[in-house]
Each structure stands twice: as structure tokens, then as C-alpha cells.
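The values are calculated or read from the model by the stated rules, or taken from the named source; none is laboratory data. All values reported here derive from a predicted model rather than from experimental measurement. Cβ atoms come from the backbone with ideal geometry, glycine included; neighbour counts cover every protein chain shown.
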Amino acid sequence: MKGWLIKLRGKEMSTFLQNISTQLQGIRSGGLYRTRQQTESACAPIVSVRGRSLLAFNSNDYLGFAGDERIVEAFKEGLSMYGAGSGASHLISGHSQAHTNLEDKLAKLLSPYIEQAGALYFCTGYMANLAVMTSLVDSVKGEAEVFSEERNHASIIDAVRLSRASFSVYPHCDTTALLSLLQKSNAKLKIVVTDGVFSMDGDLAPLHELVRICEAENAVLVVDDAHGFGVLGERGKGILEHCSVSSPHIIYMGTLGKAAGVSGAFVCANSEFIDWMIQRARPYIYTTAAPPACAHALLTSVDLLTGPEGIAKRKHLQELIQFFKLGVSEQFTLGGQTAVLGCRDYRLLDSSTPIQPLIIGSNEDVLRASETLFEEGLWVTAIRAPTVPKASARLRITLSASHSTQQVERLLNTLKKI
């Protein structure tokens, strides 16, 4: 009997693997197969991949803080103070002084935009979005309706699904359509959720209008500013500072592994909602807390990000963005550096952020372009469906304040060459 069960289980597993193999083959033939490149050096403009030195334009390290020696030293100091791990979830024994210090700093930072602000630190932005959406819906026992932006990040999409709330998707940046949907809803709690900076297009949500609509319709506005925190605003406080908006209706999520250069994410909202999340947000309650050393390093990172050095880095980053955008289509001079280019075969999306997507179209063409760049010593990732809509495959070029004008010029000249 035991041998028969083992044989049966083996047959079932064989069928399972055969099904997976067939589907993987379909992914490969459709030009959608994903592979991982293994880096052998720290995150920086020049990285080592498979023994090759490459100029990288695919990192979210927008201010170049990931390898900053001061943040590395703060991380080491945190390790010496708190050890390598937290040891438990926040509600057991894993919540450290470093976590509290970081949350207090972030709440104070965003207090001009959020009434009675409190903050909560998470291991990842994905977890933060899951926690916000599920705990919001739980606050009204499921009597909520969610209105989600068409081009929201996958973590938002999954959070909406897992909340089990009814939901609608409104067209990209179409506030008229959103208003119409809100006015038709009889939900006890209406939740509008949007990216601040759209991760694959690089454009901004129409935040002023979204705040106005949510206040008029008594809806909560959840803003995922993963790619805006540290990049937008004079002091890097993100899209809320950039747009000069404040509202008690806002729940803000920012990541700390992109412009901040370390790891994790945070939610900033009215302190009552933060307390509610501590009681009810399962992705926060039932997971081991992030290492306190991360939080300790982030104290230094946030200080640098919001201080004079952060301001200077954002200024340089904006110059690089303009240099790149102009260089795609014409000859121009900036700061004594001249770029002679004419990359008119590609369509550059209108973005004022470090995310500069060049639309290529087909999966085959974008993979060929990415591979050719790799051969030329440049690392630019090809993005395909389902991450972006079909027939809009693209090179997702991301710029960093740690890039030089000469490095961006090299990218532009290589794009022209290929």
C-alpha cells in the first residue's frame, strides 16, 4: 500500500512538471522568458556582471546612496549595536529603538502634509501596500469599494484582490472617469489608490485633482510614492511636497530601498490609522521585523536625502534627465558637454523623472536592443508584457545622480549606433 502511494504521488508530480514545462516553453516562444543577471559588485553606475564591467542604467538607486560610505558605516554601527537580525515580529520582541527612531523621523518629515502624522516601517513596499489595503477594508468589515488606477504597480493590484473588496479600475490619469465611478458608489468606505510616479512610464499622478475629488466625495486616497520619495520635492519628501498638497484623506507609502538606498518601506498616515494597522495589518503583525541595523542606517540616509547634499543630487539628476531627453532627438550643449544624436526611431515617453522609457514595440526587438547594448558594455533592461501592455515593450532607462554627463552621453551615442 505504501509503495503504491509513492508511485501514485510520483505520477502526479510528473504530470504537474510536464504541465509547467509546456507553459514555460510557451513563455520562451513568446519572447517573455525572464532571466536573472548576477552582479558581482555593489550597486553603482559601473557594475560587474559575469566578469564584465558594465555601465548600468537599470537601478532604482536614484541618488546614488546604495554604496554611500556614510550609510555603509551607519549600517555597520547598527550591526554592532543590534546584531544581524531582529529575532521576532514587532509585536513579540523584534521592535527596536532603531525602528522607533526611524518611524518618528519619517512621521515628522511628512507632518506638513498629513494631519497628526504617524509612520510604520515595513520590510518591503509590497508588504506595506498589502497591509494598507487589507486593514482599510477590514475597518468597515468589507463594506468598501476600491478605485484603482489602470497602471498601478503589481503590489497594489494584489493588495486590492486580497482585500476582497469590490473594485473598479479607472483609466490612466482620467480624473473625470474616477469622479463618475465614485459618485455611483454607495460603499461605506471609498478608497482611491494610485502610484505617485508610475514605475514603467515615469509620469506623475494628477495629485491635486485626486485630493480635490477625494475630499469632495469623502474617499480615502492611498498614494504609493515608491519612485517619488527622495526624488521629488526640494527636500526629497516626494510627490506630496512636489505638489504642495496636504489632506487628512491621504495615506502615503514610500520605499526606502530606492532613492534612500537601503531597504524597506514605510506608511505615513494619521496616527489613529497607524495604530489600527498595528492591531489589524496581518503583513505587519505576522512577520519577523526587519533587522534594526537597516533602520539605523536609514536614519543617516534620510538625513542625507533631505539635507543640502540631497538637494544638490536632485539638481544634478534633473540636469541629467534633461540632457538625456534632449539628446534623444537633437544636438545640444549642457555644461560644456555636447551630444550629437538623432535617435528618432524610438518613442520616448513624456517623463520628468529618472524613469525614461524608450518604447520599442515588439518583444523580439526590445530583447535584441537590450542584448546589443549589453554587448556594447551597457546594461539596460528590456521590459515586456505583462509588466507593460502588449506591443509596448520598452527599454526602461533609469538615471541616477551618481551618473556623470559623459556616461549619459555614452548611452545616447550607443542608442544611436544600434
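Out of Ala187, Ala226, Ala219, I need the residue that is touching a Lys or Arg at 6+ places or on another chain (Cβ under 6 Å), under 24 Å from His172 (Cβ atoms) and among the small types (Gly, Ala, Ser). Which one? Please lay out each step first, then the result.
On the way: Ala187 fails: touching a Lys or Arg at 6+ places or on another chain (Cβ under 6 Å); Ala226 fails: touching a Lys or Arg at 6+ places or on another chain (Cβ under 6 Å).
Going through Ala187, Ala226, Ala219 in turn, the sole match is Ala219.
Screening the candidates Arg410, Arg384 for the property of being surrounded by 15 or more Cβ atoms within 10 Å (Cβ to Cβ), assigned by TED's automatic domain parsing to the domain that holds Thr39, of a type in the set (D, E, K, R) and over 30 Å from Asp68 (Cα atoms) yields one hit, Arg384. The residues of segment 161-172 that are farther than 17 Å from Lys141 by Cβ and either assigned to a loop (DSSP other than H, G, I, E, B) or not small (Gly, Ala, Ser) (or both), listed by number, are Arg161, Val169, Tyr170, Pro171, His172. Restricting attention to segment 1-29, the residues that are modelled with pLDDT under 50 and among the aromatic types (Phe, Trp, Tyr) total 1. Of all residues in segment 387-418, exactly one satisfies the criterion of being within 21 Å of the chain's Cα centre (by Cα) and free of Cβ contacts under 8 Å to residues at least 24 places away in the same chain, namely Pro389. Listed here are the helices (runs of 4 or more DSSP H) enclosed by segment 246-331 that have at least 3 residues being among the basic types (Lys, Arg): 308-329.
Residues are listed down the side, and each one gets a yes or a no for (1) touching a residue at least 12 places away in the same chain (Cβ under 8 Å); (2) farther than 30 Å from Ala297 by Cβ:
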| position | (1), (2) |
| --- | --- |
| Leu181 | yes, yes |
| Lys184 | no, yes |
| Glu215 | yes, yes |
| Val220 | yes, yes |
| Phe229 | yes, no |
| Tyr252 | yes, no |
| Phe266 | yes, no |
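Could you give every pair whose Cβ atoms fall below 7 Å, whose first residue belongs to segment 108-136 and is among the aromatic types (Phe, Trp, Tyr), and whose second residue is in a loop (DSSP other than H, G, I, E, B), counting only separations of at least 6 or pairs across chains? Every condition considered, the pairs that remain are Tyr113/Val245; Tyr113/Ser246; Tyr121/Gly264; Tyr121/Ala290; Phe122/Gly264.
To keep it simple, each residue is scored yes or no on (1) in contact with a Gly (Cβ under 9 Å, 6 or more places away or on another chain); (2) farther than 28 Å from Gly261 by Cβ; (3) of a type in the set (Asp, Glu); (4) outside any loop (DSSP other than H, G, I, E, B).
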| site | (1), (2), (3), (4) |
| --- | --- |
| Gln23 | no, yes, no, yes |
| Leu32 | yes, yes, no, no |
| Ser59 | no, no, no, no |
| Gly64 | yes, no, no, no |
| Gly67 | yes, no, no, no |
| Met81 | no, no, no, yes |
